[in-house]
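Report on the following structure.
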Amino acid sequence: MGEPLPTQQGPLWISDMVSEDGEVRLAALYDEGRGEMRVSMGGDGPGDGRDFELWLIQGDEVISLGVMPHEGQAAMPIPENLRDLVANATLAITDEPTGGSPTGVATGPIVAAAPLRRI
């Protein structure tokens, strides 16, 4: 039946990212109260030896939130020092080597991107 809803839910932000060809889809839900981003991958995953990495873009700040699951869902805790950046930010997925960008900045192409919207 799924997980019970949190008792102290904060403002929620959503983002629906779809690649130009429609083959890669990601839905993200950020709960301010929990400081957690829940992501769900759909469609095609990355190629062999590749991972999708999720990035938070706010102004000039571009910060990796981590490597995405190849399928299904994941919960990604957002560090406290980044939580103020989430509101009205953009999320982007890049195609990276296994384990994510080796440099800390995106090295592969952007697969999909979309703004976070408050709901």
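The values are calculated or read from the model by the stated rules, or taken from the named source; none is laboratory data. Remember, it's a predicted structure, so these values are computed and weren't measured experimentally. Note that we place each Cβ from the backbone using ideal geometry, even for glycine, and neighbour counts take in every protein chain shown.
Report every pair of residues separated by at least 6 positions or lying on different chains whose Cβ atoms are under 7 Å apart, first residue within the stretch 50-69 and under 20 Å from Asn88 (Cα atoms) and free of Cβ contacts under 8 Å to residues at least 40 places away in the same chain, second in a strand (DSSP E or B) and β-branched (Val, Ile, Thr).
Matching pairs, first to second residue: Leu54/Val39; Leu54/Ile93; Leu56/Ile63.
If you scan the stretch 82-111, which residues turn out to be among the charged types (D, E, K, R) and assigned to a strand (DSSP E or B)?
Of everything in the stretch 82-111, those that are among the charged types (D, E, K, R) and assigned to a strand (DSSP E or B) turn out to be Asp95, Glu96.
Tell me whether the stretch 59-72 contains one or more residues that are under 14 Å from the mean Cα position of the chain (by Cα), loosely packed, with under 14 Cβ neighbours inside 10 Å and assigned to a strand (DSSP E or B).
There is at least one residue in the stretch 59-72 that is under 14 Å from the mean Cα position of the chain (by Cα), loosely packed, with under 14 Cβ neighbours inside 10 Å and assigned to a strand (DSSP E or B).
Could you tell me which residue of the stretch 84-119 is surrounded by the fewest Cβ atoms within 10 Å (Cβ to Cβ), considering only residues that are under 13 Å from Met68 (Cβ atoms) and among the charged types (D, E, K, R)?
Of everything passing the filter in the stretch 84-119, Asp95 is surrounded by the fewest Cβ atoms within 10 Å (Cβ to Cβ).
Does the stretch 27-45 contain at least one residue that is surrounded by fewer than 11 Cβ atoms within 10 Å (Cβ to Cβ) and of a type outside the set (A, V, I, L, M, F, W, C)?
no
So Ser15 ticks every box in (1) modelled with pLDDT of 95 or more; (2) part of a loop (DSSP other than H, G, I, E, B); (3) of a type in the set (S, T, N, Q) but one. Which box is left unticked?
(2)
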